[in-house]
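Chemist: Dropping a structure here in structure tokens format, bear with me for questions.
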2 protein chains.
Amino acid sequence: MIDTITEEETIPLVAGDAASPAGFRAAGLHCGIKRERPDLALLVSEVPASVAGVFTTNKVKAAPVRYTQAAVASGRAQAVVVNSGNANACTGKAGLADAAEMARLTGVALGLDPALVLVASTGVIGVPLPMEAIRGGIPRAARALAPEGTSAAEAIRTTDRFAKTAAVRLDIGGVPVTIGGMAKGAGMIHPNMATTLGFLTTDAALPPAVLRLALTRAIADSFNSITVDGDTSTNDSVLLLANGRAGGPPITNGLELKRFTAGLTAVASELAKMVVRDGEGATRLVAIEVSGAVSDAEAHQAAMTVANSLLVKTALHGGEPNWGRILAALGRAGVEMAEEKTDVLFGELEVVHAGLGVPGVWNAAASALEAKEITVKIRLGIGAGAARVWTCDLSEEYVRINGSYTT
Amino acid sequence: MIDTITEEETIPLVAGDAASPAGFRAAGLHCGIKRERPDLALLVSEVPASVAGVFTTNKVKAAPVRYTQAAVASGRAQAVVVNSGNANACTGKAGLADAAEMARLTGVALGLDPALVLVASTGVIGVPLPMEAIRGGIPRAARALAPEGTSAAEAIRTTDRFAKTAAVRLDIGGVPVTIGGMAKGAGMIHPNMATTLGFLTTDAALPPAVLRLALTRAIADSFNSITVDGDTSTNDSVLLLANGRAGGPPITNGLELKRFTAGLTAVASELAKMVVRDGEGATRLVAIEVSGAVSDAEAHQAAMTVANSLLVKTALHGGEPNWGRILAALGRAGVEMAEEKTDVLFGELEVVHAGLGVPGVWNAAASALEAKEITVKIRLGIGAGAARVWTCDLSEEYVRINGSYTT
């Protein structure tokens, strides 16, 4: 009956954002894609940085995803330009040309090689980018750069109710290092390589290959472990830039890399959880922890199936401890499980023991579900596989938001 | 550009239900599981019948599913007893004993071998069956049997807004044959072998092995081609009884079997579409037709992914022709597709051609989505695979219904 989900080294979060690491600056402003709100962001390192990226696995990839996926292959980047309000997806060859022009204009405005500029977009699909607005906005954003990233975090929002930033400071081999980040996302959130847009920065020094390793690891336990609605975006990207301005020798392996990855995971997890907490219409953040599966992969699959079940999500919204829906979701998850070996707990309260409802706990369970942050623990009792994912409840508000997105 | 979804021989529906074929009787009444509404149904053939069944693939199977799955293996059955208001799922050994007792009591009340009695349940999961109510109800139901099945169709409802019955009459080799049926279901609807509860009857004569073949075929294009919410029930079962009272030689193959299967598919499709039309909170019935896939299986998978996308379903609810969400769903469907080869039509109106939005059709598309019955056609332009599934929109009402199911 022990909980097999163990915390890794916990790195405490500090106030900060993607511009907090040494040598990074950012800007965010309104250029005219949206009606009034900020819609253009710029993130710049004062020197070329190592870069790693993870991108959507959707076969329909937005133009900026295709552009940036090719650009990060070099392992070097110095700036990222991001617009919200338009995804530049399903826009054909014109869309690819627009993404390339965004990089070129940013290079001109910053006096950089355009090959060092990455591009991301988020917003409505299938509408050509309003390039006039972007052409006017990029030089203004370049002039507005500051060692502070909240305006950039504001400018990448779509249906987000709040801007999402996070940072940690840690000592790596005697060198004080900062890792910062920002993210956007509230709907069309489902893990597959990456989810939503995330931009991570650090002043630590890491070669691109090592940076990729650290990012892949951090993503698995953060952006790839969240879901709002099971839909995978055409634009999902997470980029990580490391400019080495903290000083010290490059981090290549050993304890230093482990510690860096823990810090990166802390920032990425915080941003990912913010995305779920801000899930469209969500009123509750729900951790689904599965243990006792035959493998970590099956535990993840089981947790994700429960996390995406409409019946589970609506029950969580209504505060109903209708655990039968959790068992029904586990039964169709395509993983090894046996009803009679399965326990379910809401927080520390066991509601299902060995496949049967625990008598007399319904009211206590309903009380447990009134909290804003809930943990559902599932013990499959078969093996040693474990995983945790985060989801949110499904409310009438989600339907209202998504039934009138373009109007 | 031709539509590769072709209709099979269309058998016209007639008024009728599961008691319409010769030699079948049915009853439905209130026995006390629910507060006031009918909750117990009986369906009986005057002679032992051939039987075939398809059952949920959920690993968490309700007790009546386990019981009946074993019982249909004999290929013979004469009665079906069904309760609503309680699924008898996740109820352990006591639940299996209760299912067996339901069969035994029905056998006693009808003077039949209990081995010829099948059992089905639907309703809340994890609560012991109130056997006192059922013990009182079964003899009363046996006395109430009549050659009319609407009260039985009423008694198997859960959140259904209306009772679902359908029938066809057809001439098979000079013999007039009737096929009738009833179904229940409005939520926890997703295809996997069978969906929801369906009870089909016929006075045609078919050996069990042939009956299984016909049922498997009919289910594929009906109950296995619908979705409301992507959740697969623990209780899904479709049973088909053939008692041969129409006279004539047994149907074993050839044109007769083809015609019988067409009739069976017509009844099953009508019932399945009724389930979607009655989808919890649904305001629109939506056919998703995919053609040009590399195989029928991939076409089905693509159609189901679109049909289950929350973003597509909420857009359909809001009447928004937000076709980008359809392309995004296709891109994550795990099937071969290329954005630039894909067309999307709302009814006959092309909104996406070769992956790009058709200019100037947004308002016409929005008008097309105001209809109560909508067809979304997707041409992948790669191969010859085709499939059609039915889904419904997702409304605030679905959330309200499922957020307060047990209260």
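Chemist: Can you find, within the range B:369-386, the residue that is surrounded by the most Cβ atoms within 10 Å (Cβ to Cβ) among those that are away from chain A (no Cβ under 12 Å) and over 29 Å from B:S295 (Cβ atoms)?
Modeler: Looking at residues that are away from chain A (no Cβ under 12 Å) and over 29 Å from B:S295 (Cβ atoms), I get B:A371.
Chemist: Which of the residues belonging to the range B:93-110 are within 14 Å of another protein chain (Cβ to nearest Cβ) and over 12 Å from B:L129 (Cβ atoms)?
Modeler: The answer is B:K93, and nothing else.
Chemist: OK, next. Taking the criterion of being under 23 Å from A:A282 (Cα atoms), more than 24 Å from the chain's Cα centre (by Cα), facing chain B (nearest Cβ under 8 Å) and among the hydroxyl-bearing types (S, T, Y), would at least one residue in the range A:387-404 satisfy it?
Modeler: Yes, there is a match, as at least one residue in the range A:387-404 is under 23 Å from A:A282 (Cα atoms), more than 24 Å from the chain's Cα centre (by Cα), facing chain B (nearest Cβ under 8 Å) and among the hydroxyl-bearing types (S, T, Y).
Chemist: Shifting gears a bit: Select from the range B:215-246 the residues that are closer than 21 Å to B:G23 by Cα, modelled with pLDDT of 90 or more and not in a loop (DSSP other than H, G, I, E, B) and list them in ascending order.
Modeler: Of everything in the range B:215-246, those that are closer than 21 Å to B:G23 by Cα, modelled with pLDDT of 90 or more and not in a loop (DSSP other than H, G, I, E, B) turn out to be B:L215, B:L239, B:L240, B:L241, B:A242.
Chemist: Taking the criterion of being farther than 23 Å from B:A166 by Cα, of a type outside the set (A, V, I, L, M), under 19 Å from the mean Cα position of the chain (by Cα) and assigned by TED's automatic domain parsing to the domain that holds B:L200, would at least one residue in the range B:33-49 satisfy it?
Modeler: No, every residue in the range B:33-49 fails to be farther than 23 Å from B:A166 by Cα, of a type outside the set (A, V, I, L, M), under 19 Å from the mean Cα position of the chain (by Cα) and assigned by TED's automatic domain parsing to the domain that holds B:L200.
Chemist: Go through the range A:61-87 and report how many residues are farther than 15 Å from A:K184 by Cβ and more than 18 Å from the chain's Cα centre (by Cα).
Modeler: The qualifying residues number 13.
Chemist: Okay, next question. Of all the residues that make up the range A:107-130, how many are closer than 20 Å to A:K34 by Cα and either of a type in the set (S, T, Y) or surrounded by 16 or more Cβ atoms within 10 Å (Cβ to Cβ) (or both)? If you could, list the steps in order and put the result at the bottom.
Modeler: Here is the first cut: in the range A:107-130, the ones closer than 20 Å to A:K34 by Cα are A:119-130.
Keeping just the survivors that are either of a type in the set (S, T, Y) or surrounded by 16 or more Cβ atoms within 10 Å (Cβ to Cβ) (or both) gives A:119-127, A:129-130.
The qualifying residues number 11.
Chemist: Hey, does the range B:395-407 have a residue that's among the basic types (K, R), closer than 21 Å to B:G185 by Cβ and modelled with pLDDT of 90 or more?
Modeler: No, every residue in the range B:395-407 fails to be among the basic types (K, R), closer than 21 Å to B:G185 by Cβ and modelled with pLDDT of 90 or more.
Chemist: Report, ordered by the first and then the second residue, all pairs with beta carbons closer than 7 Å, sequence separation of six or more or different chains, a first member in the range A:64-81 that is in contact (Cβ under 8 Å) with a residue 40 or more places away in the chain, and a second member that is outside any strand (DSSP E or B) and β-branched (V, I, T).
Modeler: If the second residue must be outside any strand (DSSP E or B) and β-branched (V, I, T), the pairs left are A:V65/A:T56; A:V81/A:T106; A:V81/A:I138.
Chemist: Find the residue count for the range A:337-360, including only residues that are within 22 Å of B:T91 (Cβ to Cβ) and either in contact (Cβ under 8 Å) with a residue 24 or more places away in the chain or facing chain B (nearest Cβ under 9 Å) (or both).
Modeler: 16
Chemist: Name the single residue that is farthest from the other protein chains (Cβ to nearest Cβ) among those in the range A:65-92 being farther than 15 Å from A:A41 by Cβ and polar (S, T, N, Q).
Modeler: A:Q78
Chemist: If you don't mind, there's one more thing I want to ask. If I filter the range B:8-18 for residues that are surrounded by 24 or more Cβ atoms within 10 Å (Cβ to Cβ) and either in contact with a helix residue (DSSP H, G or I) (Cβ under 9 Å, 6 or more places away or on another chain) or at pLDDT 95 or above (or both), do I get at least one hit?
Modeler: Among the residues of the range B:8-18, at least one is surrounded by 24 or more Cβ atoms within 10 Å (Cβ to Cβ) and either in contact with a helix residue (DSSP H, G or I) (Cβ under 9 Å, 6 or more places away or on another chain) or at pLDDT 95 or above (or both), which makes the answer yes.
Chemist: Shifting gears a bit: Got a sec? Which of B:T201, B:T234 is in contact (Cβ under 8 Å) with a residue 24 or more places away in the chain, under 21 Å from the mean Cα position of the chain (by Cα) and within 13 Å of chain A (Cβ to nearest Cβ)?
Modeler: Result of the check over B:T201, B:T234: B:T234.
Each row is one residue, and each column tells you yes or no for (1) facing chain A (nearest Cβ under 8 Å); (2) within 28 Å of A:F55 (Cα to Cα).
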{"site": "B:T283", "(1), (2)": "no, no"}
{"site": "B:H300", "(1), (2)": "no, yes"}
{"site": "B:S309", "(1), (2)": "yes, yes"}
{"site": "B:A315", "(1), (2)": "yes, yes"}
{"site": "B:I326", "(1), (2)": "no, yes"}
{"site": "B:V335", "(1), (2)": "no, yes"}
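The values are calculated or read from the model by the stated rules, or taken from the named source; none is laboratory data. Since the model is a prediction, treat every value here as computed from it, not as a measurement. Cβ coordinates were reconstructed from backbone atoms using ideal geometry, including for glycine residues, and neighbour counts include every protein chain displayed.
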